[in-house]
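Engineer: Next up is a structure, given as structure tokens.
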Amino acid sequence: MSKKPVFGQWTEAEEDQYTDEAARRWDEKTVRQSQKLWKSYSAEKQQQIKDEGGAIYVDLAAAMPQGAESAAVQAIIARWHQHLRYFYEPTPEILAGLGHGYNNDPAFHATFAAVHPDLPAFMEVAITHYVAKLNA
């Protein structure tokens with residue numbers, strides 16, 4: 001399991017590039033609102049959010065032996081769900097889409113595979129289970 005930060009430091013130009021790509025791929029209004037919210041945070045708050053997010057993925061990788069449906073993993077997925085609220089309000093549909101994307105989109109997959117090679121597929125299963133419980 002990698003100990004390096006999950007989310008590195010991006011230049012403003014890189015951040016704008018990623019935002020533009022996200023706006024093309026997903027709901028532009030939501031992406032633009034999310035970016036505006038992100039930019040409203042202080043540099044210290046942004047770093048705290050990045051650190052918290054990175055810790056969630058490292059904790060998930062460490063909890064993988066317990067199984068995607070375990071209480072421990074589901075509690076970490078609930079933390080992840082709450083963490084996303086720093087950016088936007090994630091619906092169950094958005095959560096499911098993220099789980100699928102983390103495993104199937106090459107860029108997302110590479111990011112999470114750098115933490116642990118099995119993490120992207122594990123996250124998809126764990127998130128799918130979490131969303132099913134939300135929708136029950």
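The values are calculated or read from the model by the stated rules, or taken from the named source; none is laboratory data. Since the model is a prediction, treat every value here as computed from it, not as a measurement. Cβ placement follows ideal geometry from the backbone for every residue including glycine, while neighbour counts extend to all protein chains displayed. Surface areas here come from the heavy atoms of the whole protein model, side chains and all, with no ligands, DNA or RNA. Shrake-Rupley method; radii C 1.70, N 1.55, O 1.52, S 1.80 Å.
Engineer: Mind telling me which of the residues ALA61, ALA68 ends up being at negative phi, in contact (Cβ under 8 Å) with a residue 40 or more places away in the chain, in a helix (DSSP H, G or I) and open to solvent by less than 40 Å² (accessible area, probe 1.4 Å)?
Structural biologist: On the way: ALA68 fails: in a helix (DSSP H, G or I).
After applying the criteria, what remains is ALA61.
Engineer: Related question: Would you check which residues across region 85-122 are touching a residue at least 12 places away in the same chain (Cβ under 8 Å), of a type in the set (A, V, I, L, M, F, W, C) and out of contact with any Gly (no Cβ under 6 Å at 6 or more places or on another chain) and list them?
Structural biologist: PHE87, LEU95, ALA96, LEU98, PHE112, ALA114, VAL115, LEU119, ALA121, PHE122
Engineer: Could you grab me the full set of residues in region 102-121 that are closer than 30 Å to GLU44 by Cα, aliphatic (A, V, I, L, M), assigned to a helix (DSSP H, G or I) and open to solvent by 20 Å² or more (accessible area, probe 1.4 Å)?
Structural biologist: Once the filter is applied, which keeps residues that are closer than 30 Å to GLU44 by Cα, aliphatic (A, V, I, L, M), assigned to a helix (DSSP H, G or I) and open to solvent by 20 Å² or more (accessible area, probe 1.4 Å), region 102-121 yields ALA107, ALA110, ALA113.
Engineer: Moving to a separate point now. Given the conditions (1) of a type outside the set (A, V, I, L, M, F, W, C); (2) touching a His at 6+ places or on another chain (Cβ under 9 Å); (3) part of a helix (DSSP H, G or I); (4) surrounded by fewer than 19 Cβ atoms within 10 Å (Cβ to Cβ), report the number of the one that GLU124 does not fulfil.
Structural biologist: (4)
Engineer: For region 75-101, give me each residue that is in a helix (DSSP H, G or I), open to solvent by 10 Å² or more (accessible area, probe 1.4 Å) and of a type outside the set (A, V, I, L, M). Don't jump to the end; show me each part of the working.
Structural biologist: Filtering region 75-101 for residues in a helix (DSSP H, G or I) gives 75-84, 92-101.
Filter once more, so that each one left must be open to solvent by 10 Å² or more (accessible area, probe 1.4 Å): 75-76, 78-79, 81-84, 92-94, 96-98, 100-101.
Matches in region 75-101: ARG79, HIS81, GLN82, HIS83, PRO92, GLU93, GLY97, HIS100, GLY101.
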